[in-house]
Amino acid sequence: MAEDPQKGGFLKTLQSVLAAMFGVQSEHRRLEDFSSHKPWRFILMGLAVAVVFVVLVMLLVRWALSLGAV
Amino acid sequence: MTKRIWLLPWIGFLVSLPAAAAWQVNLSPGHTAIARDIHDLHMIIFWVCVAIGVVVFGVMFWSILHHRKSKGAEAHHFHENTVVEILWTLIPFGILIAMAVPATATLIRMYDSTEADLDVQITGYQWKWRYQYLGQDIDYFSVLSTPREQINNEEEKGEHYLLEVDNPLVLPAGKKVRFLLTSNDVIHSWWVPSFAVKKDAIPGFVNEAWVIPEEPGIYRGQCTELCGKDHGFMPVVVEVKPQEEFDQWLADAKAAAAEQAASAEQEWTLEQLMQRGEQVYNTSCAACHQASGQGVPGAFPALAGSPITTGDIDAHIDIVLHGKAGTAMQAFGSQLNAVDLAAVITFERNAWGNDTGDSVSPQQIAERNQ
Amino acid sequence: METTLGQNLGDTHHDHGPASGIGRWLFTTNHKDIGTLYLWFSLLMFLTGGTMALLIRAELFQPGLQLVQPEFFNQMTTMHGLIMVFGAVMPAFVGLANWLVPMMIGAPDMALPRMNNWSFWILPFAFAMMISTLFMEGGAPNFGWTFYAPLSTTYAPPSVTFFIFAVHMMGISSIMGAINVIATILNLRAPGMTMMKLPLFVWSWLITAFLLIAVMPVLAGVVTMMLMDIHFGTSFFNAAGGGDPVLFQHVFWFFGHPEVYIMILPAFGIISEIIPTFARKRLFGYASMVYAIASIAILSFLVWAHHMFTVGLPLAGELFFMFATMLIAVPTGVKVFNWVATMFRGSLTFETPMLFALAFVVLFTIGGFSGLMLAIAPADFQYHDTYFVVAHFHYVLVPGAIFSIMAATYFWLPKWTGHMINERMGKIHFWLSFVGVNITFFPMHFVGLAGMPRRIPDYALQFADFNSVASVGAFIFGFSQLLFLYNVIACIRGGARATDRVWEGAHGLEWTLPSPAPYHSFSQPPVVK
Amino acid sequence: MSTASYYVPPQSRWPILASIALFLIAFGAGNLINAMSAGTSTGTGWLLFLAGLLLLLSILFGWFRNVVHESMSGMYSEQMDRSFRWGMSWFIFSEVMFFAAFFGTLFYVRNLAVPWLGGEGEKGVSNMLWEGFQAQWPLMTTPDMERFPGPEQIISPWHLPLLNTILLVSSSFTVTIAHKALKLGNRSNIVLWLALTVLLGASFLVFQAYEYFEAYHELGLTLHAGIYGATFFILTGFHGMHVTLGTLMLIIIWLRVLKGHFSPQHHFGFEAVAWYWHFVDVVWVGLFLFVYIL
C-alpha cells in the first residue's frame, strides 16, 4: 500500500479523531492511515480533542446556568 | 423445538405481572411540583428507551426469525454504510439534547433553596435522625419504633413495618422548608420519595435541599447510604400538617421542652431512673451494646461486667458524655438531656448483674456537661 | 548455581510440551497454562461470590431477620461485590487474554512470560488474605465494595488494614497483567498483522489494558490515604482537619468508573468475535467499533461524578457530569446497532455461544437503558442507591460481563481442549441462566422504583413479593452454574473431536492452529496477508 | 514484526516465590500496623514483614541475575528489547497516575474543600459547623484545632527545598552525561558521572530527612497537623521513597557498569533506570511548584 503519511495532515487527523469521538468511521482508506504510520499524531489529537470537549461541556454548563439564573 | 419449553416459566412470569396490579412497579408521581417534574422526566426517558428498544430488538428478532441458516438464508456481504451509521449517531444525539433541556431546567430549580420560610437542620447519627428547627429551640431525635419482636419474626409485622418512628419530622403544608443536612459520624442519606428529596448527610459539611409540601399527610422514606450495621433500620417519617395545626404543634413542643428542662431540677429515685434508663438504653445504646449488654465481640464492647460500668463513676459519665474518639462511641452529652443521661448511666451501672447500687442525678450530669 | 533455577527446571527449547506434575502450574511461563490458571481461579471465585449472593438473597426472601444478623449481611454484600469484581470478572478476562491474544496475533507467547506468571500467582494470596478477614475479630470489611469513608476508616473493623493490603496486591497484579497485554499486542504481532487487522477482542483488550494501567494506581492511592487516616492520624477524609469525606468518593470513582469499562470492554470484543461467526458475515462497521471503544475509554475518565449526584456537588459540577454522561450513550449505542446490523441479512445459527451472545446484546442493552435513565441527574435523585441501581449494574455485569465470559468459554473451549462441547447441555445451561437472571434482576427495577434502598438486610412489607421472586430467580441462576462447571469438565475430559476451524463461520489466526492448540502456539510467526 | 527467535524463558521459580514474599510483606505489614494501633505486641508483624522483604530482595536479585545472564549470552533479540521498553514505559505511566491521585487530592482540598469549610463557595454554609474557621492556604488553623492542631510554621521553599531542586535537577543532567559516555564507550566517564548521580540522589535524601526532622521537632508540621501536613507528607514521602528506590537502582547499575555489563549498543538496564530517574525528577519539580511554592 503506497500511503503518504504526511498528506492529509492536521485536518484529516482532526476529522478522524472527531469521527472516533462519535464512534462512526468508515472507508478503509482512512483506517489504513490509522494503522500504519505515526500513531502519535492521533493520540495527541485525541487528547487535544478531549480537552476541547471538556471545555465545550463547561461552556455549555455556564450557558445553561446563565439562562437558569433569571 | 424442545428448547422453547424453557421459555414457559418466563412467559408465565410476564403474564402474571398485570394480575398483580396492587404491586407498585413504577416510580410514584410524588406529592410536590418537583417530584412530579422528575416523574415526568422519568416517564419520558422510559418511553424513549422503550421506543429505541422496540426498533433495535425488532430488527434483531426479525433477523433471528428470517435470516437463519435453517431457513436457507444466505449471508449478504455488506459491512459498512456511512449514511446509516451517521444517522444512528445523530438521532440518539438529538434525543439526548431534547432530554437534557428539561433535565437541566429541573435541576436548576432543585438547587434554588433561597427564600425559605423555615430552616430545619437534619443530622444523621448511627442510626437515627436529629431534627433541629433553627431559631425555634426545638431539637429532637427520631428513632425507629418498630418493635424488635417484629423484626425477629416473633410478632406479626405491622402495616408500616420498618417505616415508623417515635418522633416524625413535622412540617407546615404550603411553606418552603429548607433542609440543612449534615452528619455526626458516617455518611447518611435522607430520602423522602414523595418529595423527591434525597441528599447525603456528610460529616463536617452541610448540604442543602428544600421542599414545599403540598398536602397534609404522613410521608415515609429511608436512609439511602450504607451507614453501618443498622442502615436498614433508620427510616425517615415526615408529618405534614396544615399551618394552624403546625403552629399548635410548635407551641406544644416548646412547652414540652421547657417541662423537660424543669424535670432535671427535681429529685429522682433509683427506681425511677432505672425505669427511664431502660427506655433510653433501648433507643440510644442497644443497637451497638445490645439489649443484653453483651455487645458484639470485636466491634462493640460489652457493658455487663465491664470496668467502665462497674468502676470509676466519673470515667463512666465522661465516656457517655464525650464519646470515645476514633470509635463508633458517640458523644451523647449533646444528644440526650440531663435526665436521660443520668437515667441511662444509672441503668448501666445496675443492670445485667452490674449491681453497683450507684445512682447518678441529673444535676450531677448538668454540672459535668457544661 | 546461577543457572540452576533458571535452566534446570524446565526445557530451554520452546518446542517441548508442558512439564509434568504440580510444578507445571507453579513455575509455568506458558501463556496457555497461565490463562488456564486465571480461568479456573475466576470460576472458583465466581462460585464463592455466588454463594455469598445466595446467602444475601436467602435473607431477603422474606421481610424480617431470618438467617443472618445485619453486621454479617453487610460483610456479605461487601465481599460479594469485591470478589465478583476483582476475583471473578477481571481475572476471567485476563485469562481469556492470556489464552487468546498470542494466538490471535500470531505470537509465540506473551511478551513477558515470567512476569505473567507472577501477576497470576499474586491473586490467590491476595484473595486468601481478603477472605481470611471473615474469621478475624470484628469481622470482614462491612462497608460495601465502594468502601466510602469514613465508614471504611474511622468506623471500620480492624480487618480493614488487611483489606487495604489485599487491594494493593490485586492492583500490582492487574497492572503487571495489563503491561504484559500491551507489550504483547504492540510488539509481538505477526508480520502483516497491522493494527487495523487486529481482531476486535485484541483491540478491546489493548484499550482495557490502558485503562487498567491508568486507574489501578489511583485505587492504590486512595486506599493508601485510607490507611493513613486510620493508622497515622492524617485527615484526608475528615473535615475536622480540613479534609473531605467526599474527596474519597471523587478519587474512588475516578478509578471506579473506568473500572466499570474494564469489566465491559473485553465483553464487547468477545461478542464482536462471536456474532459474525454465527451470522457468517463480517462484523458491520469494524472501524466504528474500534473507534467507539477508544472513545468510550477516553470519555470514561470524564464522568466519574455521576455516581455522586446526591452528595451535594455544586450545580455546575452536576450539570457537567450529567451532560458528559449522556454523551457516552452515543458510542455505546453505536456498538449495539453494529451488532444488530451484523446479524441483519446474515445466515444465522444458534449454537450455545451465539445464544449467550444474543442474550448479551438484549440484556446489556436493557442495562444500558437504565444507565441512560440514571444519567439524568434530577431523576437520579429518585434512583440513587435504590434497587433500581442494583438492577442496572447487575444487568450490565451478569448478563453482560458474565454471559460474555461464558459465551467465550463455549466458543473457544473446543480450540483449547480439542473436544466439541455438548450442545444439548450447553443449551440447557443457557436457558436456565437466561431465565434465572431475568427473574432475579428484573423485579429489582420495580422494588427500586417503589423505594427500596440497596444494602439493607430487611425491608418494608410492600417490597416483599418481588423480593421473593428475585430470590427464587437467584437460586435458579446460582444452581444452574453447576451445569456450567459440569459442561467445562466434560468437554476437557472428552467429546466429539473438534476440527481446526471448529465453527463454520470462524475467522482469525487462532482457528488456523490445530485443536487442541499446541503448547507453543506460533513458534514460527505466520504471515498475514 | 515478530521474528522466529523471540525468547520465551523456561519455567521459573521466581514468580511464585515472589508472590509468597509479597504476601508475607502485606500480611506482616497488616499485622504490624494493626498491632501498633492497638498497642499490642508487634513481634509477629515485624517478623513476617522483614522475612517477606528479605525474601523479595533475594528473589529480585536472583531473578534479575537470570535476566542479566540471558541478556549477556545474547538470547535477547531486538524485539525482546522492545518488550522491555514497553514494559518499563507503561510501568512509569502507572507511577505517574499514582502521584496524580495525590496531586488531585491536593488540588481538591485547596480549591474546594477548605474554602467550603471556611464559608466560601456553593457549600460555604458548611461553615455553620465550624464557627470562626477561616479558609487559608497553607492551612495553619484547622477547623478542629483540638484534634488536628495545625502547623506552627511551614517550610520555606527557598532554603532546603530549593537546594534539593538544584540537586535533583542536576542529577538528571549527570545521568544523561553518563548515558552519553556509555554510548561512546567511555568507561571511566560513565563510572564517574553515575557515581556523581548517586551522590546527588543520596544527598537529596539526607536533606529531605533533615527537613522532616525539622518539620516534626521545630515547626509542628506533622501527619496530625490537618490536611496541609497530610498532603505535604504523602506527596513528599512517596516521592522520597521513589528517590530511595531510584538511588538503589542507580547503585546497582553502577556496579554493573564496573562489571562491564553494558555495551554502547545494548544497555537497556541502564536506560530503564535513567528513565525512572527522570520521572522522579519531574515529579519533584511538580512538588516544588505545587507543594512548596504555591
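The values are calculated or read from the model by the stated rules, or taken from the named source; none is laboratory data. No experiment lies behind these values; they were computed from the predicted model shown. Neighbour counts are summed over all protein chains in view; Cβ atoms, including those assigned to glycine, are modelled from backbone coordinates with ideal geometry. What goes into the accessible areas is simple: the full protein's heavy atoms, side chains included, and nothing from ligands, DNA or RNA. Shrake-Rupley method; radii C 1.70, N 1.55, O 1.52, S 1.80 Å.
Test D:A51 against the criterion of being more than 8 Å from every other protein chain (Cβ to nearest Cβ), surrounded by fewer than 21 Cβ atoms within 10 Å (Cβ to Cβ), in contact (Cβ under 8 Å) with a residue 24 or more places away in the chain and among the aliphatic types (A, V, I, L, M), and give yes or no. Yes, satisfied.
Restricting attention to the range B:77-102, the residues that are open to solvent by 70 Å² or more (accessible area, probe 1.4 Å) and more than 8 Å from every other protein chain (Cβ to nearest Cβ) add up to 6. Quick check: is even one residue across the range D:52-71 of a type outside the set (A, V, I, L, M), out of contact with any strand residue (DSSP E or B) (no Cβ under 9 Å at 6 or more places or on another chain) and under 30 Å from B:G298 (Cβ atoms)? Yes, some residue in the range D:52-71 is of a type outside the set (A, V, I, L, M), out of contact with any strand residue (DSSP E or B) (no Cβ under 9 Å at 6 or more places or on another chain) and under 30 Å from B:G298 (Cβ atoms). As a summary of the residue check, D:E131 satisfies the conditions (1) surrounded by fewer than 21 Cβ atoms within 10 Å (Cβ to Cβ); (2) under 31 Å from the mean Cα position of the chain (by Cα); (3) modelled with pLDDT under 95 except for the one numbered (2).
Does the range B:336-345 contain any residue that is open to solvent by 60 Å² or more (accessible area, probe 1.4 Å) and not assigned by TED's automatic domain parsing to the domain that holds B:V165? Within the range B:336-345 (the criterion being open to solvent by 60 Å² or more (accessible area, probe 1.4 Å) and not assigned by TED's automatic domain parsing to the domain that holds B:V165), the answer is no, since none of the residues qualifies.
Against the condition part of a helix (DSSP H, G or I) and either out of contact with any Phe, Trp or Tyr (no Cβ under 6 Å at 6 or more places or on another chain) or open to solvent by less than 20 Å² (accessible area, probe 1.4 Å) (or both), how does C:F388 come out, does it pass? Steps first, answer last, please.
On the way: part of a helix (DSSP H, G or I): yes; either out of contact with any Phe, Trp or Tyr (no Cβ under 6 Å at 6 or more places or on another chain) or open to solvent by less than 20 Å² (accessible area, probe 1.4 Å) (or both): yes.
Judged against the criteria, C:F388 is a match.
Of everything in the range C:189-221 that is buried (at least 22 other Cβ atoms within 10 Å of the Cβ), within 7 Å of chain D (Cβ to nearest Cβ) and touching a residue at least 60 places away in the same chain (Cβ under 8 Å), the residue that is nearest to the chain's Cα centre (by Cα) is C:A214.
Where in the range B:98-190 are there strands (runs of 3 or more DSSP E), lying fully within it, with 2 or more residues that are over 22 Å from B:Q222 (Cβ atoms)? Explain how you work it out, then say what you get.
Working: elements: B:118-125, B:128-133, B:138-142, B:169-172, B:177-183.
Those strands (runs of 3 or more DSSP E) span B:118-125, B:138-142.
Would you mind stating whether B:G277 is open to solvent by less than 30 Å² (accessible area, probe 1.4 Å), modelled with pLDDT of 85 or more and at positive phi? For B:G277, the condition - open to solvent by less than 30 Å² (accessible area, probe 1.4 Å), modelled with pLDDT of 85 or more and at positive phi - is not met.
Can you go through B:G72, B:G58 and tell me which one is more than 40 Å from the chain's Cα centre (by Cα) and more than 9 Å from every other protein chain (Cβ to nearest Cβ)? Even if it seems obvious, please write down each step before you answer.
Values: B:G72 fails: more than 9 Å from every other protein chain (Cβ to nearest Cβ).
Testing whether each residue is more than 40 Å from the chain's Cα centre (by Cα) and more than 9 Å from every other protein chain (Cβ to nearest Cβ) leaves just B:G58.
Scan the range B:223-240 for residues that are assigned to a loop (DSSP other than H, G, I, E, B), under 18 Å from C:T310 (Cα atoms) and of a type in the set (A, V, I, L, M, F, W, C) and jot them down. Can you show your working first?
So the first thing to find is which residues in the range B:223-240 are assigned to a loop (DSSP other than H, G, I, E, B), and the list is B:224-230, B:234.
Adding the requirement that they be under 18 Å from C:T310 (Cα atoms) leaves B:224-227.
Those that are assigned to a loop (DSSP other than H, G, I, E, B), under 18 Å from C:T310 (Cα atoms) and of a type in the set (A, V, I, L, M, F, W, C): B:L226, B:C227.
Can you confirm whether the range B:61-71 contains a residue that is of a type in the set (A, V, I, L, M) and either modelled with pLDDT under 90 or within 29 Å of B:D185 (Cα to Cα) (or both)?
Going through the range B:61-71, the residues of a type in the set (A, V, I, L, M) turn out to be B:64-65.
Now narrow it down to the ones that are either modelled with pLDDT under 90 or within 29 Å of B:D185 (Cα to Cα) (or both): none.
No, every residue in the range B:61-71 fails to be of a type in the set (A, V, I, L, M) and either modelled with pLDDT under 90 or within 29 Å of B:D185 (Cα to Cα) (or both).
Go through the residues of the range C:111-124 one by one and say whether even a single one is in contact (Cβ under 8 Å) with a residue 12 or more places away in the chain, within 13 Å of chain D (Cβ to nearest Cβ) and on the phi > 0 side of the Ramachandran plot. For the range C:111-124, residues in contact (Cβ under 8 Å) with a residue 12 or more places away in the chain, within 13 Å of chain D (Cβ to nearest Cβ) and on the phi > 0 side of the Ramachandran plot: absent.
Among the residues of the range B:320-342, those identified as closer than 20 Å to B:P203 by Cβ, touching a residue at least 40 places away in the same chain (Cβ under 8 Å) and assigned to a helix (DSSP H, G or I) are B:L321, B:F332.
Going by what's in this entry, would C:R114 be described as in contact with a Pro (Cβ under 6 Å, 6 or more places away or on another chain) and open to solvent by 10 Å² or more (accessible area, probe 1.4 Å)?
Numbers: in contact with a Pro (Cβ under 6 Å, 6 or more places away or on another chain): yes; open to solvent by 10 Å² or more (accessible area, probe 1.4 Å): yes.
Criteria met by C:R114.
The residue that is farthest from the other protein chains (Cβ to nearest Cβ), counting only those in the range C:450-463 that are open to solvent by 20 Å² or more (accessible area, probe 1.4 Å), on the phi < 0 side of the Ramachandran plot and in contact (Cβ under 8 Å) with a residue 40 or more places away in the chain, is C:R454.
Looking at the range D:202-254, which of the residues that are within 27 Å of D:H278 (Cβ to Cβ) and among the hydroxyl-bearing types (S, T, Y) is surrounded by the fewest Cβ atoms within 10 Å (Cβ to Cβ)?
Just the residues of the range D:202-254 that are within 27 Å of D:H278 (Cβ to Cβ), to begin with: D:202-212, D:231-254.
If we keep only those that are among the hydroxyl-bearing types (S, T, Y) as well, we get D:203, D:210, D:212, D:231, D:236, D:244, D:247.
Details: D:S203: 15, D:Y210: 11, D:Y212: 17, D:T231: 28, D:T236: 24, D:T244: 16, D:T247: 21.
Checking each candidate, the answer is D:Y210.
Within the range C:57-74, if we keep just the residues that are open to solvent by less than 20 Å² (accessible area, probe 1.4 Å) and in a helix (DSSP H, G or I), the residue that is farthest from C:I402 (Cα to Cα) turns out to be C:P70. Kindly check whether there is at least one residue in the range D:57-69 that is open to solvent by less than 40 Å² (accessible area, probe 1.4 Å) and touching a Gly at 6+ places or on another chain (Cβ under 7 Å). Yes: the range D:57-69 contains one or more residues that are open to solvent by less than 40 Å² (accessible area, probe 1.4 Å) and touching a Gly at 6+ places or on another chain (Cβ under 7 Å). When C:L313 is tested against (1) open to solvent by 10 Å² or more (accessible area, probe 1.4 Å); (2) outside any loop (DSSP other than H, G, I, E, B); (3) more than 10 Å from chain A (Cβ to nearest Cβ), only condition (2) is not met.
Out of B:I64, B:I44, one residue alone is at the interface with chain C (Cβ under 7 Å from one of its Cβ atoms) and β-branched (V, I, T). It is B:I64.
When B:E271 is tested against (1) surrounded by fewer than 17 Cβ atoms within 10 Å (Cβ to Cβ); (2) without any contact (Cβ under 8 Å) to a residue 60 or more places away in the chain; (3) assigned to a loop (DSSP other than H, G, I, E, B), just one condition goes unmet, and that condition is (3). Candidates in the range C:337-367 are the residues that are open to solvent by 10 Å² or more (accessible area, probe 1.4 Å) and within 16 Å of C:V396 (Cβ to Cβ); of these, the one that is farthest from the other protein chains (Cβ to nearest Cβ) is C:F364.
Tallying residues that are of a type outside the set (K, R), touching an Asp or Glu at 6+ places or on another chain (Cβ under 9 Å) and touching a residue at least 24 places away in the same chain (Cβ under 8 Å) within the range B:147-178 yields 10. Here C:L186 meets the list (1) surrounded by fewer than 24 Cβ atoms within 10 Å (Cβ to Cβ); (2) at pLDDT 95 or above; (3) of a type in the set (A, V, I, L, M, F, W, C) almost entirely, failing just condition (2).
So which residues in the range B:192-206 are within 8 Å of chain C (Cβ to nearest Cβ) and within 14 Å of D:G124 (Cα to Cα)? Result: B:I202, B:G204, B:F205.
Of all residues in the range D:79-122, those being without any contact (Cβ under 8 Å) to a residue 24 or more places away in the chain and either within 30 Å of D:H261 (Cα to Cα) or among the β-branched types (V, I, T) (or both) number 8.
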